[in-house]
Amino acid sequence: MGNSDQSRAEDQIERLRSALDAEIRRGVELQKQADRANADFEEFVSMAAHNLRQSLRDVASYSQLIAESYAARLDSDAGVFLDRIQEGAARMQSLLAAVVDYWATGTGERPRSRTDMEDALRQALLCADKQIAERRAVVTHDPLPAVTGDFEILTKVLLHLIGNAIEYCVTPPRVHVSSRRADGDWVLAVQDNGPGIDPAFQGRVFAAFARLHGREHPGNGLGLAFCKKAIERHGGRMWLESQPEAGSTFYFTLPAAD
């Protein structure tokens with residue numbers, strides 16, 4: 001290669017290096033802008049949720065106060081209206097909490113550590129104690145493993161899955177939680193004796209705000225969407241196996257702790 005050819009090659013390499021450096025600087029700046037935007041949006045969501053909670057508490061508290069203080073002066077229609085206001089406020093509070101949970105699951109990086117799924121199940125059952133007692137549900141489980149994950153989020157996943165299983169059972173609910181090893185992951189399963197889900201509707205169950213049963217059952221349509229999103233944030237996946245009148249089993253994978 002002559003001196004002129006070498007010089008042209010070196011010039012080309014230098015131009016490419018300069019262009020690459022410029023793109024790297026641009027990428028870094030865009031990432032900083034995205035991080036600032038995410039931080040600003042997180043603060044906005046946090047403040048909006050706080051203010052909405054306060055407003056809903058005011059609606060619920062003052063409608064309750066009116067019902068108690070003016071009970072003798074209110075006719076039956078007014079009592080019904082106040083009941084509807086209180087029920088609506090309670091639904092909005094529940095929906096707001098679910099929306100914040102769903103949104104927060106996809107933001108930031110929460111610390112993950114060794115999590116004993118039996119401890120997570122124990123905590124979930126404590127939270128579901130009233131529902132279990134009212135429906136006389138039986139919840140059993142096999143020995144459960146330790147995984148790598150966020151204890152609080154995984155407890156909520158189990159709580160949603162068990163709560164749904166109990167809610168939609170017509171007969172006395174029976175729920176069983178099991179696990180098996182699959183390569184480097186654990187596959188956990190929550191099985192119920194409920195009415196099952198028609199295959200035609202199974203693709204919708206994990207969609208946000210999906211409600212296959214309308215308002216026949218309480219809920220806000222975010223529970224299963226939260227579960228799927230939470231498991232995917234852990235690097236796992238979630239799926240469903242079900243047949244009408246044969247119950248449902250929700251499976252999800254999590255990385256093993258060992």
* Asked: If you check every pair at least six apart or on different chains, which have Cβ atoms under 6 Å apart with a residue in the stretch 89-104 that is among the acidic types (Asp, Glu) first and a residue that is in a helix (DSSP H, G or I) second?
  -> 101/226
* Structure fact -> Of the residues in the stretch 237-248, those that are in contact with an Asp or Glu (Cβ under 7 Å, 6 or more places away or on another chain) and crowded, with 18+ Cβ neighbours inside 10 Å come to 247, 248
* Can you confirm whether the stretch 31-46 contains a residue that is among the aliphatic types (A, V, I, L, M), in a helix (DSSP H, G or I) and at pLDDT 75 or above? => no
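Check 211, 233, 215 and return the single one that is out of contact with any Pro (no Cβ under 8 Å at 6 or more places or on another chain), at pLDDT 80 or above and surrounded by fewer than 20 Cβ atoms within 10 Å (Cβ to Cβ).
On inspection, the qualifying residue turns out to be 233.
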* **Exclusive hit being among the aromatic types (Phe, Trp, Tyr), modelled with pLDDT under 95 and within 16 Å of the chain's Cα centre (by Cα), set 102, 168** => 102
* Evaluate the following for residue 247: is it at positive phi and modelled with pLDDT under 85? => no
* Answer yes if at least one residue in the stretch 126-142 is assigned to a helix (DSSP H, G or I), aliphatic (A, V, I, L, M) and touching a residue at least 12 places away in the same chain (Cβ under 8 Å), and no otherwise. => yes
* Structure fact -> For residue 182, the lone unmet condition from (1) aliphatic (A, V, I, L, M); (2) in contact with a Phe, Trp or Tyr (Cβ under 6 Å, 6 or more places away or on another chain); (3) at pLDDT below 95 is (2)
* Asked: Does the stretch 149-177 hold any residues that are in contact with a Leu (Cβ under 7 Å, 6 or more places away or on another chain) and either outside any helix (DSSP H, G or I) or without any contact (Cβ under 8 Å) to a residue 12 or more places away in the chain (or both), and which are they?
  -> 149, 177
* To do: Within the stretch 188-196, identify whether any single residue is within 17 Å of residue 235 (Cα to Cα), surrounded by 18 or more Cβ atoms within 10 Å (Cβ to Cβ) and in the same structural domain as residue 250 (by TED's automatic domain parsing), and answer yes or no.
  => yes
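The values are calculated or read from the model by the stated rules, or taken from the named source; none is laboratory data. Note that this is a predicted model, so its numbers are computed, not measured. No Cβ is skipped: glycine too gets one built from the backbone with ideal geometry, and neighbour counts run over all protein chains shown.
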